Amino acid sequence: MRFSSYLIILFSFISYSQDQIDLAYYLNDLDSYNQSIPKPSDYLLNNKEVGSSHISHDRLVQYMYALAEASDRITIENRGTTFEGRPLILLTISSKKNHENLEFIRTEHLSLNTIDSSKKDLSNMPVVIYQGYSIHGNEPSGSNASMIYAYYLAASKGPEIIKTLENTIILLDPSFNPDGLQRFAHWANTNKSMYLNSDNSDREFYENWPGGRTNHYWFDMNRDWLPVQLPESKARIKTFHKWSPNILTDHHEMGSNSTFFYQPGIPTRVNPLTPKENQTITAEIGKFHEKKLSEIGSLFYSEEDYDDFYYGKGSTFPDINGSVGILFEQASSRGHLQDSENGKISFPFTIRNQLTTSFSTLESAEALREKLLEYQRSFFNNSRKDSSKKNNEYYLIGDKTDKSKLFHFYELLKSHKIKIKTLSKNLTINNIEFKKENSFLIPKNQNKSRLIEAMFEEKTQFKDSLFYDISAWSFLHSFNLEFTNYSTKLKTEELKLEKPKGKIINKNNYAYLFSWDDYYTPKALYKLLNKGIRVKVATKTFKVESKNFDYGTLLVSMQNQDLNVDQINEILISLTKETGISFHGYKSSNTSGIDLGSKHFVKVSKPNIALIVGEGISSYDAGEIWHLLDTRYQIPITKIKKSNLLSQDLSKYNTIILSNGRYNLNNDIIEKIKTWVKNGGNLIGFRSAVNWLNKNKFISIDFNNNKPSAIDIKFKDKGNFYGSQLTSGAIFNTILDKSHPINYGYYKNSLSVFRNTNIYIKNDSVSYNNPIKYSNNPLISGYISKENLKSIKNSRPFAVFNYEKGKIAVFTDNTNFRAFWYGTNKLMMNAIFFADLM
C-alpha cells in the first residue's frame, strides 16, 4: 500500500467566493503559452475561471470546438447524441505531423492486435491513451478539469509537450455523461451562494431525486461498457475498438470525507482473466500519480476499496482488451465548497487533482510507451496462441423462437468486433435443435477470444467473497439462449444478420394468430390495443394444420371490430415491419385443441401504467422499467412522485409498479392504494417492495432466512463477514410451469434469472402457486454464501395474490437488470398484460 510520506495541509484554502481563482492555480508558465488559443474562462459564466462555477455541457462543447478551430494539434468529432440530444464529442490530440498521418498511425497501431507483429519496430510508434471524464454527471471535477487539460495540450509551447505529442495520440472524451453533467451543473449553480457556505447541511449538497449521477433514463453508465445498451456507451465502445488504446482512464468522485484513490485496487479482487502483467504496469503507472500528487500536497491511497472484477466498468473493460484501465476517485465537494473530515474541500481543489492525474497519466504513457505497446502486442499474440489450440471449435448459439432477441445478441457481439459465422445446416445436439435460420457460430479461435470468455463464462469459485459490483454476467444466460460447444472442419462464412422482418401469412378477412414468444410481441400487442382492436390470448395450447401454438398465443378476430378489415390489415402489415413479428391468417375457428371461438381465448385489456418514483426509490431500477417500456415497447408510463400519491387520481391506471426502494408511506396513502387494488387494480412489486407489501398486509408470505453464525470472527473482520453474505449479483436456474400466464412466451421449461437480493420467498404448499421455482442445484454463475444458497432452495422468485377484485404480483429480483437481461423482460410484461388470468 502506498501513502504519501509527506505531512501536508490536505486542501488548498481558496477565497470562499471562489471568484478570485486564477488559471495559475492549475498551470505553470502561462506566459509561455500560445496566446492565440482561447482560454477556458472565455467560455465560462462572466468569464470567470474553471472552478468558480460548474461547467454546463453546452459551454463545454462550445469551448472544445473553439480549441479545435484554433489549434492544429486538435481535431474534434461528434460521434452521436444522448437521449436528450446532446453531442458525444471526442477530441483527438497529437502533433501536427501525426494528424497528417493519423489513419496510417491508427492502422499500424491496430496491427499489434490482429496479426503476428512480433517483428514490428515499436521504437517510433506513438502510444494511444483514451482519457475520459465524469461518467457520473454529479462527479463533475473530471469534466471541468478536461477543459484546462485540453487548453494545456493546445497552448503549451514547452519542449516537453512538443516531444510528448509526437509520441502520443490522446483521445480526450470530456464528458462521458452529457445529460447527467448538465443536470448536476444546473443544480449546483442554482444553489450556489455568492459567499460560499461550506456547511454540509446546505441544500447545495442534496440534489433532487434522481440526481445527476445517471443518464436520461437513470442508468449508471459505468456498468455498461460490456453490455453496450445505451447510446453514450455505443459511441465510446466504437471509439475504443477503433483505436485499441494502451491506457484508458476513468475519472470519478467519491465521498467528501475521502482523499484521492488511484488503481491498483484490492489485489484479491482482480478478475483471473486479467493478466498479472496488467496489474504490474498499473502499479508502475501509479508511481507517476504518487509523484505528481505528492508535489501538490494531496493525500491519496490505492489497493483499497475498489476492485477489478466486473468487466463492465470503465477501469476494467480495457483489462480484457489488451489495454490498461485506470480508475481515479476524487473526494467530492458535491458543490463549490464543503466541510469534510479533512477540512474544507473546494471545487477547484478537486479539479486540480483530476488535472494532475491527467498529467501523470500522460507522462507515464510516454515514459512507458514501448512497454505498453509490447504488452498489448503480447496480450493478443498470447490470446491467438491459446485460441489456436481450439481451431475448428465454436460456440453454437441459437434461439428457437425469438429472432429479435437473437439479433440484439448479434448486435452486442458485433459492437465488440467479435467474429460470427453462419451455421450451414440444421443440427440437433443434446436434444437441442439448432436451425440455421435462427442460430450461428462464434469461433473460439479468434482475436477476441479472451473477451468472449469474459462475456460467456460461468464461474462459481472465487478467491474473495466480497465484490464491488456483480459477480456474474454471462450474456448467454442474460439473453436466455440455447448454446453448446460444437466442432466442425467445414468452411464457415461470415454472418451478416439483418433486423428481423415479419410477414403476413395467408392474408384474410377472418382471423389472425401471432405468437407471444418474440421479444417485440408486447410492442405489437399494445399498438393493437391502443388502436382499439380487440385481442384475445390463448390459455391453452392448440394446433392449426401443421403449426403448433403455445400458451399465450394472441388472436385478432377481423369481424365486429371498430375498424374495418382493410384498416386492420394495414395496421398488421405495418407491425410486421416495425416489430419483425409474423401474423398467421386463418379462415376458420376450427383447430386441434381449443377452437378460436373458445372461452379459453380471453380478452386482453390495454394497460394504463403508473410507476412510483421519487426520494427513496432506486432510480436505477425505476429507470430500467421506464427505459424498457418507453424505448423498446413504446408503451406509455406515467411516473408519479411518491410524495404526490395522496393527491393523484389512481383510477386512471389499471397497473401500478413499485420498483426497489423505501416506501415510507403514511396510512392514508396505504389505504388509498389498497382500495385501488380491491377495485381491480394490478399492483406489481419488485425487490424491497416485496417486504413492504408483506409488512403492510397487502400480501402474506413466509421467507427463508438462514443467518450465519459469527463464530471465531475477529473485530477487524466484521465488515468482511457481513459483506460475504451479500448476494451482489449472480445467476440462478429456475423451473417454469409453462401453463401459468407469468411464463407465457417461454418455450423452455427452465429460465436463467439474475438476482442481487437476499429475499427468499418460501414455496407454497400448493404447487401451482409456484409457477417459477429454483431448481435443486440453482447456482449457475456467481457468488452466494452457503447460508443463502440454503435459503434459495425451496424458494420462488415470483408470487401472485388475489386482493378482492385486484391482483398483486411480486418479484424478489430485478427482471430488467441494466437493460441487458433480455431473457426475463417478458416476465414483467406478462405481469402487466395477463394479471387477470393469474
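Near K674, which aspartates and glutamates are there with a Cα under 16 Å away, not counting those fewer than 8 places off in the same chain?
Hits, sequence-local ones excluded: D649, E804.
Taking a 31 Å limit on the Cα-Cα distance, which of the listed pairs K39/K163; K39/K641; K234/K463; K543/K805; K405/K641 fall beyond it? Kindly include the intermediate steps, with their values, before the conclusion.
On the way: K39/K163 23 Å; K39/K641 43 Å; K234/K463 33 Å; K543/K805 33 Å; K405/K641 33 Å.
Those over the limit are K39/K641; K234/K463; K543/K805; K405/K641.
Given 0.36 nm per residue, what is the gain on full extension from D595 to N733 after removing their alpha carbon distance, in nm?
Values: separation 138, 0.36 × 138 = 49.68 nm, distance 3.49 nm.
Length gained, D595 through N733: 46.2 nm.
Starting from the Cα of N431, step 7 Å along the direction of its Cβ; do the same at A24; then give the gap between the two resulting points in nm.
Rounded to a tenth, the inter-label distance reads 8.0 nm.
Could you tell me what percent of the accessible area of the chain is made up of carbon and sulfur, with a 1.4 Å probe and every protein chain present? Intermediate results must be reported in sequence, preceding the final value.
Working: 15180 of 33440 Å².
Ligands and nucleic acids excluded, carbon and sulfur give 45 percent.
Under a plain spin-label model, where a point goes 7 Å from the Cα along Cα-to-Cβ, how far apart in nm are N769 and D717?
4.1
Take T268 and N445, extend 7 Å from each Cα along the Cα→Cβ direction, and tell me the distance between the two endpoints in nm.
Reported label-point gap for T268 and N445 is 4.1 nm.
Using r as the Cβ-Cβ distance of S294 and E77, and R0 as 51 Å, what FRET efficiency do you calculate, to the nearest 0.05?
On the way: r = 37 Å, r/R0 = 0.72.
E between S294 and E77, to the nearest 0.05, is 0.90.
Length gain on complete extension for the stretch S588 to N664, per 0.36 nm per residue less the alpha carbon to alpha carbon distance? Write down the numbers at each step before the final one.
Values: separation 76, 0.36 × 76 = 27.36 nm, distance 5.45 nm.
Fully extending the segment from S588 to N664 adds 21.9 nm.
Kindly flag which residue pairs out of K523/K599; K242/K826; K417/K793; K527/K807; K606/K672; K389/K459 have an alpha-carbon separation exceeding 30 Å in this structure.
Values: K523/K599 25 Å; K242/K826 35 Å; K417/K793 40 Å; K527/K807 24 Å; K606/K672 23 Å; K389/K459 22 Å.
Listed pairs above 30 Å: K242/K826; K417/K793.
Once you've got the Cα coordinates, tell me which of K287/K718; K287/K313; K390/K448; K238/K499 are over 25 Å apart. Walk me through the numbers on the way to the answer.
Working: K287/K718 32 Å; K287/K313 23 Å; K390/K448 13 Å; K238/K499 20 Å.
Checking Cα-Cα distances, K287/K718 exceed 25 Å.
Measuring from a point 7 Å past the Cα of E341 along Cα-to-C-beta, which residues in the stretch 257-278 have an amide N at less than 12 Å?
257-259
Quick one: if the Förster radius is 51 Å, what FRET efficiency do T190 and E100 give, using the C-beta to C-beta distance and rounding to 0.05? Before the final figure, lay out each step's value.
On the way: r = 45 Å, r/R0 = 0.89.
Rounded to the nearest 0.05, the efficiency is 0.65.
What FRET efficiency do you get for K793 and T631 if R0 is 22 Å and r is their Cβ-Cβ distance, rounded to the nearest 0.05?
Details: r = 37 Å, r/R0 = 1.68.
It comes to 0.05.
If you bin every alpha carbon distance in the stretch 176-277 into 5 Å steps from zero, what whole percent lands in each bin?
Bins of 5 Å from zero give 2, 9, 14, 17, 18, 16, 11, 7, 4, 1, 0 percent of pairs.
As I understand it, the dipole of the chain uses +1 on the Cβ of Lys and Arg and -1 on the Cβ of Asp and Glu, about the Cα centre. Which of V604, N208, H408 lies farthest toward its positive end?
Checked the options; the winner is V604.
Determine the per residue accessible area of the stretch 743-814 with all protein chains present and a 1.4 angstrom probe, expressed in square angstrom.
I get 40 Å² per residue for this part.
Rolling a 1.4 Å sphere over the protein heavy atoms, what is the accessible area per residue of the stretch 545-605, to the nearest Å²? Before the final figure, lay out each step's value.
Numbers: 3200 Å² over 61 residues.
Roughly 52 Å² per residue, with all protein chains present.
Top to bottom by accessible area (1.4 Å), largest first, where do F721, F347 land? Present the calculation step by step, with values, prior to reporting the outcome.
On the way: F721 30, F347 0 Å².
The ordering from most to least exposed comes out as F721, F347.
Relative to the first principal axis of the alpha-carbon coordinates of the chain, what is the inclination of helix 667-678, with its axis defined by its Cα atoms, in degrees from 0 to 90 and to the nearest 10?
Around 40 degrees separate the two axes.
I need the GluC sites (Glu not before Pro) found in the stretch 196-305, filtered to DSSP loop residues with at most 11 other beta carbons within 10 Å of theirs.
On the way: sites: E204, E207, E232, E253, E277, E284, E290, E295, E303, E304; in loops: E207, E303, E304.
Those satisfying the criteria are E304.
Relative to the longest principal Cα axis of the chain, at what angle does helix 231-243 sit, 0 to 90 degrees, rounded to 10?
Roughly 60 degrees, rounded to the nearest 10.
Using only the alpha-carbon atoms, how far is helix 57-70 inclined from the longest principal axis of the chain? Give it as 0 to 90 degrees, nearest 10.
50
Which listed residue (I326, G297, F349) has the Cα farthest towards the positive end of the charge dipole for the stretch 289-355, taking +1 on Lys and Arg C-beta and -1 on Asp and Glu C-beta about the Cα centre?
F349
Tell me which residues come under 5 Å, amide H to amide H, from K639 once H is placed; ignore anything under 5 positions away on its chain.
L611
Quick one: of the DSSP bridges fully inside the chain, what percent are antiparallel, nearest 5?
Working: 71 of 111 bridges.
Roughly 65 percent of the DSSP beta bridges within the chain come out antiparallel.
The values are calculated or read from the model by the stated rules, or taken from the named source; none is laboratory data. Owing to the predicted nature of the structure, the values given are computational and were not obtained by experimental measurement. Note: ideal-geometry Cβ built from the backbone for every residue, glycine included; neighbour counts use all protein chains shown. Accessible surface areas use protein heavy atoms only, side chains included; no ligands, DNA or RNA. Shrake-Rupley method; radii C 1.70, N 1.55, O 1.52, S 1.80 Å.
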